[in-house]
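Novice: Shown below is the structure under consideration.
Only the coordinates and a few stated rules stand behind these numbers; no lab work does. All values reported here derive from a predicted model rather than from experimental measurement. Note: ideal-geometry Cβ built from the backbone for every residue, glycine included; neighbour counts use all protein chains shown.
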Amino acid sequence: MDSWVDGRPGDALSLKDRGLAYGDGLFETIAVKGGQPLLLDRHLQRLAEGCSRLAMAADHGLIRSELLAYAAALGEGVLKLMLTRGDSLRGYAADPAAAPRRILQGNPPVVYPPAHGQQGVRLFPCATRLSIQPALAGLKHLNRLEQVIARAEWQGGDCAEGLMLDLEGRVIEGVFSNLFLVRNGVLVTADLSRCGVAGVMRAELLFQAKSLGIPTEITDISLEHLQQADEVFVCNSVYGIWPVCACAALSWPVGPLTRKLQGIARALLDA
Ligand SMILES: Cc1ncc(COP(=O)(O)O)c(C=O)c1O
């Protein structure tokens, strides 16, 4: 399907766009089923928070209505929204009069091997570390070079995802997923106040777990914690949940809480 730029079909972008020059912007990758963008409110909530933290004044009502119209036309697949700070002249200073630019792209559904969800995946232990930057932590901003170089660390199908630590050795997330572990019945995920992307699926799973009375904890995770975990899984808003069965010399069984939450994630994405 054709891309839209500022609400109109088109592939061309100004060379002055700050998303291109500086990664000055945000994005959302949204699963679309039956013409509906899934988990839309959570995606829009993260985008709005990103806009406020980056001081980007966007028309959120317009963004919502364009997303709904684009998803209806796409039908099935994955929709990518990029919101850049628009154009400016050379130099980091932004033009206060420039309006944010809305870019919508539609892609066909992503088909992953069913074994990823059934038997679980192996994580590649990435050497690339996430830098610590609280001003950007949690945001899905357009600067994704850390993920680009981490993803280039492994090839082939042996590992479906990579494990990323921060510069001080904390376990943070996958290259394109968030990570959870289960220890003594508690569902644990990394504190993302220094780095990492606060995923929509992560937020939804924390919410679902709380409403089921499952204890949850957001904390710093060390490699020792990971090693001692009873279950480990990764998640995102496109594939749902993949159990993690191994990372380097570590291994975990696919456990009952992972299976329970996987069913919930599947129901949300099959909507
Ligand atoms: C670095 C990173 N972390 C986490 C996620 C998961 O985010 P979400 O659940 O919003 O898809 C993604 C998704 O692409 C990501 O790129």
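Novice: Residue by residue through the range 105-111, which ³J(HN,Hα) values in whole Hz follow from phi under the Karplus form 6.51 cos²θ - 1.76 cosθ + 1.60 (θ = phi - 60°), with glycine and proline marked x?
Specialist: Calculated HN-Hα couplings, in order: 10, x, 10, x, x, 7, 10 Hz.
Novice: Any chance you could give the angle, 0 to 90 degrees and rounded to 10, that helix 200-211 forms with the longest Cα principal axis of the chain?
Specialist: The answer is roughly 50 degrees.
Novice: Give the long-range amide H neighbours of residue 183: residues separated by 5 or more places, or on another chain, with amide H under 5 Å away, using H modelled in the peptide plane at 1.01 Å from N.
Specialist: Here 188, 230 satisfy the definition.
Novice: On to the next question. Quick one: if the Förster radius is 41 Å, what FRET efficiency do residue 211 and residue 57 give, using the C-beta to C-beta distance and rounding to 0.05?
Specialist: Values: r = 34 Å, r/R0 = 0.84.
Efficiency, from the Cβ-Cβ distance: 0.75.
Novice: Is the C-alpha gyration tensor of the range 75-163 telling us rounded, prolate or oblate? Criteria: a/c under 1.5 is rounded; beyond that, a/b larger than b/c is prolate, otherwise oblate. Numbers along the way, then the final one.
Specialist: Values: a/c = 3.10, a/b = 1.58, b/c = 1.96.
It is oblate, given that a/c is not under 1.5 and a/b is not larger than b/c.
Novice: How do the peptides 95-104, 128-137 rank, highest first, by the average count of neighbouring beta carbon atoms within 10 Å per residue? Don't skip to the answer; put the middle values down first.
Specialist: Details: 95-104: 16.8, 128-137: 14.7.
In descending order of packing, they fall as 95-104, 128-137.
Novice: With θ set to phi - 60°, apply the Karplus curve 6.51 cos²θ - 1.76 cosθ + 1.60 along the range 16-32 and write out the HN-Hα couplings as whole Hz, x wherever there is a Gly or Pro.
Specialist: After applying 6.51 cos²θ - 1.76 cosθ + 1.60, I find 8, 5, 6, x, 6, 5, 10, x, 7, x, 10, 8, 9, 10, 10, 6, 10 Hz.
Novice: Now a separate question. What residues qualify as long-range amide H neighbours of residue 173, i.e. H under 5 Å apart, gap of 5 or more or another chain, H built at 1.01 Å from N?
Specialist: 164
Novice: Listed highest first by mean packing, meaning other Cβ atoms within 10 Å per residue, what order do 65-77, 194-206 come in? Mind dumping the intermediate values first?
Specialist: Working: 65-77: 16.8, 194-206: 22.5.
Final packing ranking: 194-206, 65-77.
Novice: Taking Cα atoms, how many degrees apart are the long axis of helix 40-53 and the longest axis of the chain, rounded to 10 and kept between 0 and 90?
Specialist: 70 degrees
Novice: Quick one: which residues, 5+ away or cross-chain, put their amide H under 5 Å from the amide H of residue 198? H built at 1.01 Å from N.
Specialist: The answer is 138, 139.
Novice: Shifting gears a bit: What are the ³J(HN,Hα) values, in whole Hz, obtained from phi via the Karplus relation 6.51 cos²θ - 1.76 cosθ + 1.60 with θ = phi - 60°, for each residue of the range 151-158 in sequence order, with x given for Gly and Pro?
Specialist: 5, 7, 6, 9, 10, x, x, 4
Novice: Which residues does a label at residue 16 reach in the range 69-113, if reach means a backbone N under 15 Å from a point 7 Å past the Cα toward the Cβ?
Specialist: 85-101
Novice: Distance in nm between label sites at residue 80 and residue 193, each 7 Å beyond Cα in the beta-carbon direction?
Specialist: 3.3 nm
Novice: Per Stokes-Einstein, at 10 °C and 1.306 mPa s, what whole-number D in µm² s⁻¹ belongs to the chain, with the Kirkwood radius over Cα pairs as the hydrodynamic radius? Mind dumping the intermediate values first?
Specialist: Values: Rh = 19.4 Å.
D, rounded to a whole number, is 82 µm²/s.
Novice: I've got another one for you. Compute the helix-to-body angle for 60-74: its Cα long axis versus the longest principal axis of the chain, expressed 0 to 90° and rounded to tens.
Specialist: 70 degrees
Novice: In whole Å, what is the distance between the alpha-carbon centres of the range 74-113 and the range 1-71?
Specialist: Using only Cα atoms to place each centre, the spacing works out to 5 Å.
Novice: For residue 183 and residue 133, what is the calculated FRET efficiency with R₀ set at 30 Å and r taken between the beta-carbons, to the nearest 0.05? Could you put the intermediate results ahead of the total?
Specialist: Numbers: r = 28 Å, r/R0 = 0.94.
Efficiency, rounded to the nearest 0.05: 0.60.
Novice: Obtain the radius of gyration and the Kirkwood radius of the range 1-125 from its C-alpha atoms and give Rg over Rh. Before the final figure, lay out the partial values.
Specialist: Values: Rg = 16.3 Å, Rh = 15.8 Å.
Rg divided by Rh gives 1.03.
Novice: Can you compute the modelled spin-label distance between residue 95 and residue 33, with each label point 7 Å from Cα toward Cβ, in nm?
Specialist: 4.2 nm
Novice: Shifting gears a bit: DSSP loop trypsin sites (Lys or Arg not before Pro) in the range 1-71 with at most 15 other Cβ atoms within 10 Å of their Cβ, which ones? Provide the component values of the computation, followed by the final result.
Specialist: Working: sites: 16, 18, 33, 42, 46, 53, 64; in loops: 16.
Answer by residue number: 16.
Novice: I would also like to ask the following. According to the square roots a ≥ b ≥ c of the eigenvalues of the Cα gyration tensor, what is the shape class of the range 209-263, taking rounded for a/c under 1.5, prolate for a/b larger than b/c otherwise, and oblate for the remainder?
Specialist: Numbers: a/c = 1.73, a/b = 1.28, b/c = 1.36.
Here the range 209-263 falls in the oblate category.
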